[in-house]
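Quick notes on the structure that follows.
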Amino acid sequence: FMPLQMRWRERRALGTVPALLVTFLVSGVWHGAAWTYVIWGALHGLGLGLTYQWERSSFYRKRMPAALKRAWVLLFVNLAWIFFRAGTLDDALLIVRRIATGPWQAPSMPGLMVFLIAAVWLYQALCESRFRPALQAGPVRVGLAVCMALFLFLASSGGGAFIYLQF
């Protein structure tokens, strides 16, 4: 079988972008027969297609700051995963609505979000620096994984069972 991208190129269509969209739509349906999974797949395909097109422009490649590119991916992927995890489409839309109108006034919310985003960016920046060998050491990797798992477990304890303990 020839990949979708090759088939579309043979027919002189756009090629990559429709292939990405179809691939992720099928991936969404493969995960479950619900609109939430279809939307999750469509959003991922759309995001990859848009990013693919943007990367072809010299402005995006040369002038767009790497931090802004990372912020876009983090925001988009996390938004798309809401649809994957939500039980129904109404639940997913409620979550998105609450994010937009949520408890931003709570004293801990903005600080916690800034801290978590900064921690991810710092780790990634350190991985791309001369500190990479130290970060790849076994004890450091195990320690980070334990901290992440502990954070996920404690953060999810208020809203029901930890998702991975349900399998």
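Table: residues versus (1) modelled with pLDDT under 85; (2) exposed (fewer than 11 other Cβ atoms within 10 Å of the Cβ).
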site: ARG85; (1), (2): no, no
site: ALA92; (1), (2): no, no
site: GLU128; (1), (2): yes, yes
site: VAL140; (1), (2): yes, no
Going by the conditions given, is GLY47 modelled with pLDDT of 85 or more, exposed (fewer than 11 other Cβ atoms within 10 Å of the Cβ), out of contact with any Pro (no Cβ under 7 Å at 6 or more places or on another chain) and under 30 Å from PHE151 (Cβ atoms)? no
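The values are calculated or read from the model by the stated rules, or taken from the named source; none is laboratory data. Quick caveat: nothing in here was measured; it's all calculated off a predicted structure. Here Cβ is always computed from backbone atoms with ideal geometry, including for glycine, and neighbour counts include all displayed protein chains.
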